[in-house]
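K.L.:
One structure, as structure tokens, below. Some questions next.
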Amino acid sequence: MEYLKKGLIIVGILTVCAVSINAVQDFPVDAIDGVKMDSVPDKSVAQNYRIKALEVPRDIDFAGETVPLEDPDVYERLDRELLVNTYWQSNALLLMKRANKYFPIIEPILKEEGVPEDFKYLAVIESGLTQAVSPARAIGFWQIMEGTGKDYGLEINNNVDERYNIEKSTRVAAEYLKKAKEKFGSWTLAASAYNAGNAGISRQLERQKVTDYYDLLLGEETGRYVFRLLALKEIMSSPEKYGFDLEEDDLYAYIPTFKVEVDTVVHDFPDFAKQFGINYKILKIHNPWLRDDHLNNASRKKYEIDIPEEGYYPEIK
């Protein structure tokens with residue numbers, strides 16, 4: 001009986017081996033990795049993910065001022081920024097989503113102040129449309145330094161910092177840009193001066209004996225500054241052209257607000273918010289310039305606090 005069992009096991013093993021050999025003979029294999037290549041999906045990067053060079057637009061301008069793309073250096077610098085900002089897809093998508101929320105606030109102010117609409121992209125490259133704080137303590141959408149803010153009439157203290165107020169800081173940026181345009185005679189140079197300062201641009205224009213931004217040799221940051229503006233203007237104005245597929249529902253919503261005037265001390269903003277059917281978090285989202293949970297206001301100054309219209313946030317329980 002023992003011999004019979006051993007015999008059956010040997011027969012079984014031989015049968016399995018024969019089937020396996022036959023299967024291998026019927027399955028042509030790749031000489032390198034032993035896989036029948038025409039019988040599995042092609043997963044190679046080269047076949048399924050194409051990385052293409054971008055066509056640089058030939059008729060681009062900034063604030064109505066022509067970009068001299070016939071200059072090969074200018075062409076290459078714009079191409080670089082188009083590539084960097086197009087293929088950094090997650091960042092570009094976030095900027096487009098935020099723009100839908102904040103451009104409706106910025107655009108009418110620039111128009112009212114007589115500043116070209118293209119300067120809304122300056123806020124994009126300065127802060128990514130966030131209330132950013134730089135290592136040098138430049139603050140807000142427009143990255144305004146404390147001294148500059150105070151020079152232009154913004155209130156800045158531990159209780160209130162109007163650099164975080166999108167409307168007021170946009171007006172300060174507009175005033176700065178208009179003065180720079182008056183000084184240099186060019187919106188493009190005004191934009192570069194926003195980054196390097198009026199004195200810095202004046203010094204370089206004089207030292208290099210030129211009158212145009214595109215003829216200046218500048219440091220890395222200021223040298224790229226206007227080209228980043230141009231690239232983001234191009235990409236965000238024509239996202240489909242650069243492979244971004246966005247529906248209206250994908251964008252962050254602009255939430256309209258109404259203003260409530262306050263000319264007294266506010267002891268507790270969480271309680272203040274409840275009067276309008278919102279919580280403290282929502283109040284601060286729309287009024288980030290309020291830097292504490294109360295308002296001192298010993299001088300009885302008149303402030304305007306933004307309250308969101310009903311129906312945009314869930315009902316507060």
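The values are calculated or read from the model by the stated rules, or taken from the named source; none is laboratory data. These figures come from a predicted structure and were not determined experimentally. Note that we place each Cβ from the backbone using ideal geometry, even for glycine, and neighbour counts take in every protein chain shown.
K.L.:
With the requirement that a residue be surrounded by fewer than 17 Cβ atoms within 10 Å (Cβ to Cβ) and not charged (D, E, K, R), what does the range 57-68 give you?
P.N.:
If the condition is that a residue be surrounded by fewer than 17 Cβ atoms within 10 Å (Cβ to Cβ) and not charged (D, E, K, R), then Pro57, Ile60, Gly64, Thr66, Pro68 are the ones that fit.
K.L.:
Here is a list of conditions, (1) exposed (fewer than 11 other Cβ atoms within 10 Å of the Cβ); (2) in contact with a Phe, Trp or Tyr (Cβ under 9 Å, 6 or more places away or on another chain), and Glu248 meets all of them except one; can you say which number that is?
P.N.:
(2) is the only condition that Glu248 fails.
K.L.:
Does Val74 satisfy being of a type in the set (A, V, I, L, M, F, W, C), in contact with a Pro (Cβ under 8 Å, 6 or more places away or on another chain), assigned by TED's automatic domain parsing to the domain that holds Lys178 and closer than 27 Å to Leu217 by Cα?
P.N.:
Details: of a type in the set (A, V, I, L, M, F, W, C): yes; in contact with a Pro (Cβ under 8 Å, 6 or more places away or on another chain): yes; assigned by TED's automatic domain parsing to the domain that holds Lys178: yes; closer than 27 Å to Leu217 by Cα: yes.
Taking the combined requirement at face value, the residue satisfies it.
Okay, residues lined up against (1) surrounded by fewer than 13 Cβ atoms within 10 Å (Cβ to Cβ); (2) among the aromatic types (Phe, Trp, Tyr); (3) touching a residue at least 40 places away in the same chain (Cβ under 8 Å):
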| residue | (1), (2), (3) |
| --- | --- |
| Val226 | no, no, yes |
| Leu232 | no, no, yes |
| Glu240 | yes, no, no |
| Phe244 | no, yes, yes |
| Phe258 | yes, yes, yes |
| Phe272 | no, yes, no |
| Ile278 | no, no, no |
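K.L.:
Something else now. Can you pull out the residues in the range 53-78 that are over 21 Å from Glu117 (Cα atoms) and in a loop (DSSP other than H, G, I, E, B)?
P.N.:
Ala53, Leu54, Glu55, Val56, Leu69, Glu70, Asp71
K.L.:
Suppose the filter is within 30 Å of Ala298 (Cβ to Cβ) and either charged (D, E, K, R) or free of Cβ contacts under 8 Å to residues at least 60 places away in the same chain (or both); does Ser169 pass it? Please lay out each step first, then the result.
P.N.:
Numbers: within 30 Å of Ala298 (Cβ to Cβ): yes; either charged (D, E, K, R) or free of Cβ contacts under 8 Å to residues at least 60 places away in the same chain (or both): yes.
Answer is yes for this residue.
K.L.:
Does the range 67-104 hold any residues that are more than 20 Å from the chain's Cα centre (by Cα) and among the aliphatic types (A, V, I, L, M), and which are they? Give the derivation first.
P.N.:
In the first step, residues of the range 67-104 are kept if they are more than 20 Å from the chain's Cα centre (by Cα); the result is 67-76.
Residues satisfying the conditions are Val67, Leu69, Val74.
K.L.:
Here is a further query. Yes or no: the range 190-205 includes at least one residue that is touching a residue at least 12 places away in the same chain (Cβ under 8 Å), out of contact with any Cys (no Cβ under 7 Å at 6 or more places or on another chain) and not in a helix (DSSP H, G or I).
P.N.:
no
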